[in-house]
Amino acid sequence: LFPFSFCYSAMTFVKVVKNKQYFKRYQVRFRRRREGKTDYHRRKKLICQDKNKYNSPKYRFVVRITNTDVVCQIVHAKIVGDQVMCAAYAHELTRYGMPVGHTNYSACYATGLLLARRLLKKLGLDSRYEGKKEIDGELYSVEEFDEGPRPFRALLDVGLARTTTGARLFAALKGALDGGLNIPHSETRFRGYDVEAKEYSAEEARGYIFGAHVSDYMKEMADEDDTKFEKTFSRYIKHGITADNLEDKLAAVHSAIRAKPEHVAKKSTKESERKRFARKKLSLAQRKDRIKQKLASHAAKKAE
């Protein structure tokens, strides 16, 4: 019945030949995919809007953490590219009284809070949706009123970062939620959630928001090795931040953010100086004088 079956069993290796037809049909991936910067499968789900919503923007709450900074932005996609509606950075916390520790869990929370209050202030919704004023780590979701504008809604965009339970990305999310934004979420990723017991501890979450883990580490290192402590926390010591007053400092930062969340433009120190790459244009008198100098120089050389 199968006279050629023995031939198939003998074929253990088939060489894939990449010929002219293969290369003519080869399609190069998007640049940001080749660079490993964008997950286009996830991006498509985040930016595609329903057709019955016409040209309504689909906002994203973008969180990116670098080695020295935390970036939080409200972004929506257009054909020409992404448009940033509002942004907040962890290095701005220096203006609010926290000049150090701009990438820890507490700083991520404060940056998310700053973005939420700044955006609502820009839209004129800051008095309507004040968020959670008392920061105690409890879960909070903004409530919608029957009349008037609804809460500002956005979707969380974490990029290529790992979404592990207790990650700093979700600290920024918690800050934005407490600030009054409506972002779909689950408490299972917040710091304080026990995966085994499936319970959320508000006390543990509050401790991380107010830097309790940093204070404990400072005390432990100070007891073990004083020299190492002075080297590791030299900037904290320089600005007078200790393990005992860190919580009060962060509470003051939260209050300052709520009091004045607006962005302050940085003034340039070289505002009066203009860059000029070409030679400055000479006036008519200067050009005539230059010709006289050339003629005098030429006559002097001829006389020699």
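The values are calculated or read from the model by the stated rules, or taken from the named source; none is laboratory data. If you're wondering where the values come from, they're calculated on a predicted model, not measured in any experiment. We place every Cβ from the backbone using ideal geometry, glycine too, and count neighbours over all the protein chains shown. Note: accessible area is taken over every heavy atom of the protein model, side chains too, but ligands, DNA and RNA are not part of it. Shrake-Rupley method; radii C 1.70, N 1.55, O 1.52, S 1.80 Å.
Evaluate the charge dipole of the chain about its Cα centre and quote only its size in Debye, nearest 20, assuming +1 on the Cβ of each Lys and Arg and -1 on the Cβ of each Asp and Glu.
Details: 62 positive and 38 negative charges, 896 e Å.
Dipole about the Cα centre, nearest 20: 4300 debye.
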Computed from the beta carbon distance with a Förster radius of 51 Å, FRET efficiency for SER186 and VAL16 to the nearest 0.05 stands at 0.70
Choose one of VAL75, THR94, ASN104: the residue whose Cα lies farthest towards the positive end of the charge dipole of segment 60-145 (beta-carbon charges +1 Lys, Arg; -1 Asp, Glu; about the Cα centre). VAL75
Which residues' amide hydrogens lie under 5 Å from the amide hydrogen of LYS132, considering only partners 5 or more residues apart or on another chain, with H built in the peptide plane? GLY179, GLY180
Flagged links, alpha-carbon separation over 29 Å, of LYS174/LYS198; LYS132/LYS249; LYS45/LYS260; LYS37/LYS58: LYS45/LYS260
Starting from segment 178-240, pick out the GluC sites (Glu not before Pro) whose DSSP state is loop and whose Cβ has at most 14 other Cβ atoms within 10 Å. GLU196
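What is the percent carbon and sulfur in the accessible area of the chain, measuring with a 1.4 Å probe over the protein chains and ignoring ligands?
On the way: 11110 of 21850 Å².
Solvent-exposed carbon and sulfur of the chain make up 51 percent of the total.
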Where only C-alpha atoms are counted, convex hull volume of the chain per residue in Å³: 478
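What whole-number value in cubic angstrom gives the convex hull volume per residue for the C-alpha atoms of segment 21-166?
Per-residue hull volume (Cα only) is 176 Å³.
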Straight-distance crosslink candidates among aspartates and glutamates, where the alpha carbon sits under 18 Å from LYS24 and sequence neighbours closer than 8 are dropped: none
Computed curve, segment 205-287, Cα-only Debye sum without solvent term, log₁₀ I(q)/I(0) at 0.10, 0.13 Å⁻¹, is -0.51, -0.65
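Could you tell me how many cubic angstrom of Cα convex hull volume segment 147-304 has per residue? Numbers along the way, then the final one.
On the way: hull volume 54.7 nm³, N = 158.
So the per-residue Cα hull volume is 346 Å³.
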Assuming R0 = 35 Å, can you tell me the calculated FRET efficiency for the pair ARG128 and LEU46, based on Cβ-Cβ distance, to the nearest 0.05? 0.85
If the label point sits 7 Å along Cα→Cβ of GLU196, residues of segment 162-182 with amide N under 20 Å come out as 164-167
Would you mind computing the Rg to Rh ratio of segment 13-102 from its alpha-carbon coordinates, Kirkwood style for Rh? 1.19
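Averaged per residue, what accessible area in Å² does the chain show with a 1.4 Å probe, protein chains only?
Numbers: 21850 Å² over 304 residues.
Using a 1.4 Å probe on heavy atoms only, each residue of the chain averages 72 Å².
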How are the Cα pair distances of segment 81-148 distributed, in percent, across 5 Å bins from 0? 3, 14, 20, 22, 20, 13, 5, 2, 0
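What FRET efficiency, computed as 1/(1 + (r/R0)^6) with R0 = 41 Å and r the Cβ-Cβ distance, is obtained for GLU147 and GLU271, rounded to the nearest 0.05? Intermediate results must be reported in sequence, preceding the final value.
Values: r = 47 Å, r/R0 = 1.15.
With a Förster radius of 41 Å, E is 0.30.
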Give me the aspartates and glutamates in straight-line cross-link reach of LYS275: C-alpha distance below 20 Å, same-chain residues under 8 apart excluded. none
For segment 124-239, treating each Cα as an identical point scatterer without solvent, what Debye log10 I(q)/I(0) comes out at q = 0.10, 0.11, 0.20 1/Å? -0.43, -0.51, -1.09
